Every structure is written in structure tokens, then in C-alpha cells.
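What follows is one structure encoded as C-alpha cells, with my remarks underneath.
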Amino acid sequence: MDISKVIWTNKSKEQLKIIYNHYKVVSPQGAKNSKDSILKAGRELVFAEQYQQDEIELEFRRIIVRYYKLIYTVEEYIIWILRIFDCRKDPKSRVTEK
């Protein structure tokens, strides 16, 4: 199935902003690089099963970027990026919602 668009949920946008602001204090360039890498991964999704199935929540798929995991799902021809979280944290602590 080819994808017509990728949509970032408000929660995923908020989490990206938190990541950016966290790194900006230490390194503005590092913050920009992290944000750009995460956004690029979202733009490069071209079909629903492009990346691995998430090991915790099997109905979702994941992309790993640096230390971050992007969780997404597919409805029709739209990919919804639901969450971004640090892979070094306990994965069971996250909650997925749209």
C-alpha cells in the first residue's frame, strides 16, 4: 500500500518539541540535528510496512532514530506518527493514543 501522507499527532509534535528544547540548552546544533533526523525519518515513510512491528504494542510499527523510537500506525493511506520517546527508558511506561 502506497502512502498518500504522513500526519504527526499533536502528542508527537509536543514530544518532538520537548526533545528539541532539552538538547537546545546544551547544544543548539545538536538539538537541530536531532529534530531534523526525526522529521526526516517521518518524511521517508513511503509504505505501511517499511519499518519493524513494535515489540511492545504489536498493532503499531516503529522507526528508530538516534536514541528515539517513533511509533506509528496506518489508516487507509495515511500514516499517523503517534509518539516519540527515548529508547533508553522503560517502554512499558508509554501510552499510545491519537
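Bear in mind these aren't lab numbers, they're just calculated from the coordinates by the rules spelled out. From a predicted model like this one, the values you see are computed outputs, not experimental measurements. Here the Cβ positions follow ideal geometry from the backbone for every residue, glycine too, while neighbour counts run over all protein chains shown.
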### Task
Find out how many positive minus negative residues lie around residue 28, taking Lys and Arg as positive, Asp and Glu as negative, among other residues whose Cβ is under 15 Å from that of residue 28.
+3
#### Entry: Chain lengthening between residue 87 and residue 21 when straightened (0.36 nm per residue, less Cα-Cα)
22.0 nm
### Message
Spelling out what I want: for every residue of the stretch 35-41, take phi, set θ = phi - 60°, compute 6.51 cos²θ - 1.76 cosθ + 1.60 (Karplus), and round to whole Hz; glycine and proline get x.
### Response
4, 4, 5, 5, 5, 4, 4
### Query
Once phi is turned into θ = phi - 60°, what whole-Hz ³J(HN,Hα) does the Karplus curve with 6.51, -1.76 and 1.60 give for every residue of the stretch 65-81, x standing for Gly and Pro?
10, 6, 9, 10, 10, 9, 9, 9, 9, 10, 10, 6, 10, 10, 9, 9, 8
### Summary
Residues whose modelled amide H sits under 5 Å from the amide H of residue 9, counting only those 5 or more places away in sequence or on another chain, are 81
